[in-house]
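S.K.: Below is a structure I'd like to ask you about.
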Amino acid sequence: MSNGIFPKERISVSKNKNQIDMRKNGAITIKSEWSEFLAELDVKIMICGFAQEIVNWQPLDSFFREMPFYRLYLPTKGEFCISSVYSIESTTLIRPGTVYLIPDCLVLKYQGIAPSDHYWIHFFSRQMQKLPFYEPLELPEEIFTHPRERFAGIVEHCRQYENLEHQMAAKCEVEKLLIPFIEHLSSMTPVRNLPKVQLFSLIEYIDSNIGHKITVSELAARAHLSRSKLTALFVGQFRMLPKQFITMRRLYYAKHLLLQRNLPIKEIAWRCGYPDEYFFFRIFKKYVKTTPCEFRKQQIY
């Protein structure tokens, strides 16, 4: 797919007669800007399972709506809806015959329609955040290889998660499930409109310095771009200004720390680049619609 995420790979072999002809040894060197992306594809499964006869989502809704994770759904019976808390127009019907990938940026609410049986996997991935999709993706079940067996296998591996072999198997199976979605994004969006290696480098820099002051001018200088071109790049890819993107990354990291570690709020604020704890509270409440303390009380992992 030369017009998508995965451009045609370039095969590099030696043509110098004084050097070894690596073709005789079957050597192929893969050079692609997306090779790095796939090599760094990170999946951390947080929780998964097989739900049966779920029609009343209210007890679960308050737990799941604010959590900063990606969600994979494979329904086998019944139906339910998910919609954005902030947009009534963004509604997705979850029903059998389709596999769904929900981005981590959505704050969701659920509504039962008919008692639902479905596999579900919630996972974190910093690398997936580099892909520009902001609405649920849905693909026909038949394009996946034995999807029901694969989802069931992931759930079974997670039951034995203390075993390193099962941990790796579960992670690899989830990553395989993501490939059709990444290929779908590739076919829908020309490669020229997708984040380039340059943008990946900026995001890595932001993540690596999340506890420090980061300015837009600093990012522009690193990318060898003017402030206006850098702003256009971020708005085009992430629908937000660079400063807003930095804030979202800080809050994403803060949510991780609140969910996974019993650190004092003051330390979490400091680690996320907010030396003023009270300012951190205000920013968190503004964007997450709750306080860090209340968010932590919803912890389910």
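S.K.: Quick one: in segment 191-202, of everything that is in a helix (DSSP H, G or I) and open to solvent by 40 Å² or more (accessible area, probe 1.4 Å), which residue is modelled with the highest pLDDT? Give the derivation first.
M.R.: Looking only at segment 191-202, we keep the residues that are in a helix (DSSP H, G or I), and these are 191-193, 197-202.
Still in the list and also open to solvent by 40 Å² or more (accessible area, probe 1.4 Å): 192-193, 197-198, 201.
Numbers: Arg192: 45, Asn193: 46, Val197: 57, Gln198: 70, Ser201: 78.
Ranking the candidates gives Ser201 first.
S.K.: Scan segment 203-246 for residues that are under 24 Å from Trp270 (Cα atoms), outside any loop (DSSP other than H, G, I, E, B) and among the charged types (D, E, K, R) and jot them down.
M.R.: Glu204, Asp207, Glu218, Lys243
S.K.: From the set of residues in segment 122-148 that are over 16 Å from Tyr100 (Cα atoms) and in a helix (DSSP H, G or I), which is most open to solvent (accessible area, probe 1.4 Å)?
M.R.: Gln129
S.K.: For Glu277, state whether it is at pLDDT 90 or above and acidic (Asp, Glu).
M.R.: On the way: at pLDDT 90 or above: yes; acidic (Asp, Glu): yes.
When the stated conditions are applied, Glu277 passes them.
S.K.: Any residue in segment 98-119 that's hydrophobic (A, V, I, L, M, F, W, C): show its pairings with residues that are open to solvent by 30 Å² or more (accessible area, probe 1.4 Å) and assigned to a strand (DSSP E or B) at Cβ separation under 9 Å, as long as the two are six or more apart or on different chains.
M.R.: Val99/Glu138; Val99/Pro140; Leu101/Glu138; Ile113/Glu79; Ile113/Leu93; Ala114/Lys77; Ala114/Glu79
S.K.: For segment 219-243, give me the residue count where each residue is loosely packed, with under 13 Cβ neighbours inside 10 Å and of a type outside the set (Gly, Ala, Ser).
M.R.: Residues that pass the stated criteria total 3.
S.K.: Considering every residue within segment 84-91, establish whether at least one is open to solvent by less than 50 Å² (accessible area, probe 1.4 Å) and at pLDDT 85 or above.
M.R.: Taking every residue of segment 84-91 in turn, none turns out to be open to solvent by less than 50 Å² (accessible area, probe 1.4 Å) and at pLDDT 85 or above.
S.K.: If only one of Ser90, Ser186 is under 28 Å from Leu233 (Cβ atoms) and outside any helix (DSSP H, G or I), which one is it?
M.R.: Values: Ser186 fails: outside any helix (DSSP H, G or I).
Of the residues listed, the single one that is under 28 Å from Leu233 (Cβ atoms) and outside any helix (DSSP H, G or I) is Ser90.
S.K.: If I filter segment 252-264 down to residues being part of a helix (DSSP H, G or I) and free of Cβ contacts under 8 Å to residues at least 40 places away in the same chain, which single residue comes out as nearest to Val43 (Cα to Cα)?
M.R.: Selected residue: Leu257.
S.K.: Now for a different question. Only one residue in Val99, Val55, Val107 is over 20 Å from Glu175 (Cβ atoms), under 22 Å from the mean Cα position of the chain (by Cα), at pLDDT 60 or above and hydrophobic (A, V, I, L, M, F, W, C). Which one?
M.R.: Details: Val99 fails: over 20 Å from Glu175 (Cβ atoms); Val55 fails: under 22 Å from the mean Cα position of the chain (by Cα).
One residue alone meets the criteria, Val107.
S.K.: Among the listed residues Tyr110, Tyr119, identify the single one that is part of a strand (DSSP E or B), surrounded by 20 or more Cβ atoms within 10 Å (Cβ to Cβ) and out of contact with any Pro (no Cβ under 7 Å at 6 or more places or on another chain).
M.R.: Tyr119
S.K.: To continue, here is another question. Taking the residues in segment 160-176 that are touching a helix residue (DSSP H, G or I) at 6+ places or on another chain (Cβ under 8 Å) and in a helix (DSSP H, G or I) as candidates, determine which candidate is surrounded by the fewest Cβ atoms within 10 Å (Cβ to Cβ).
M.R.: Lys176
The values are calculated or read from the model by the stated rules, or taken from the named source; none is laboratory data. What you see is a predicted model, and the numbers here were worked out from it, not measured in a lab. Backbone-built Cβ (ideal geometry, glycine too); neighbour counts: all protein chains shown. With ligands, DNA and RNA removed, areas are computed over all heavy atoms of the protein, side chains included. Shrake-Rupley method; radii C 1.70, N 1.55, O 1.52, S 1.80 Å.
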